[in-house]
Amino acid sequence: MSGKTAAIIGVTGMVGNYLLQELLHDPYFETIRLIVRRPYPKSGAKTEIKLVDFNDYESLKLAIDGSDVLFCTIGTTQKKVKGDKELYRKVDQEIPLKAARICKETGCGKFVIVSSVGANSKSNNFYLKLKGEVEDALALSGMESIHILQPSFLLGERKEKRTGERLGQIVFNGVSFLMIGPLKKYKPVHGKEVALAMLNAAKANTTGVAKYTYHEIKKSAQ
């Protein structure tokens, strides 16, 4: 083992859970910190559970301090926040940027985050604008190594039931072959492949900001 420590924010989501399973079987990381706001079961001797209040800066800082890589897969939905855009912003924007700032302060050199294809701070779409604002802020954060994954529709199993999303998976998967050329980046990708791409990105000896759409995610997941 390399003695490296990985921290995950968002382990309860689909990509976060796939990522945890990959990390558990990867000898590159000796310790996996699961940063959560509610009790979460341990997944073997490598895992540490860090209960935090995400509104408390020092609480989050104590959980991240000593990590070599931070994986951020946190994200909510309009349904979960009942249309409250400020609450949406607190989850999808404030937590990742707060975590990135802490990484910079504590010497955690790598930050790997799931964003979205089409993210653009100038977009008229609330979701894409929010994701774009996060990406812009990360690029200016001064961190040594930032990896931003921009998947389109995610395939895979979620813990919570999302009937509409399940139907969308079937539809998008069915027309995926039509997405060629400039449309290729909008092809659906499996959550496990996104997790593998995140893991491999974290182990790469690169600096600066790297972005991954469909093609780069598939390549990095190999």
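Just so it is clear, none of the values below were taken in a lab; they were calculated from the coordinates. Here the structure is a predicted model, which means the values were calculated and not measured. We place every Cβ from the backbone using ideal geometry, glycine too, and count neighbours over all the protein chains shown.
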Problem - All aspartates and glutamates inside 13 Å of Lys80 as judged from Cα atoms, apart from same-chain residues fewer than 8 positions distant - result: Asp92, Glu160
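Between their Cα atoms, which of Lys4/Lys61; Lys85/Lys131; Lys50/Lys203; Lys61/Lys110 are more than 21 Å away from each other?
Numbers: Lys4/Lys61 18 Å; Lys85/Lys131 13 Å; Lys50/Lys203 23 Å; Lys61/Lys110 15 Å.
Checking Cα-Cα distances, Lys50/Lys203 exceed 21 Å.
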Exercise for the section: Normalise the Debye intensity by I(0) for region 10-51, one equal point scatterer per Cα, no solvent, then take log10 at q = 0.28 Å⁻¹ and round to two decimals. Expected result: -1.06
Problem - Distance from region 116-153 to region 30-55 (C-alpha centre basis), Å - result: 26
Practice task
Restricting attention to the chain, give the cysteines that have no other cysteine Cβ less than 4.7 angstrom from their Cβ.
Solution key: Cys72
Exercise for the section: Just need log10 I(q)/I(0) for the chain at q = 0.08 Å⁻¹, Debye formula, equal scatterers on the alpha-carbon atoms, no solvent, rounded to two decimals. Expected result: -0.26
Handout entry: Hull-based mean projected area of region 87-142, where the convex hull spans the alpha carbons, in square nanometres
Key = 3.8
Practice task
Using just the helices of the chain, give the 222 nm mean residue ellipticity in deg cm²/dmol: DSSP H runs with n ≥ 4 each add -39,500 (n - 2.57), and the total is spread over all residues, rounded to 500.
Solution key: -11000 deg cm²/dmol
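What does the C-alpha gyration tensor say about the overall shape of region 20-92? Classify as rounded when a/c is under 1.5, otherwise prolate if a/b is larger than b/c, or oblate.
It is prolate, given that a/c is not under 1.5 and a/b is the larger ratio.
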Fill in the blank from the handout: Simple spin-label estimate for Lys203/Phe153, 7 Å along Cα→Cβ, in nm, reads 3.1
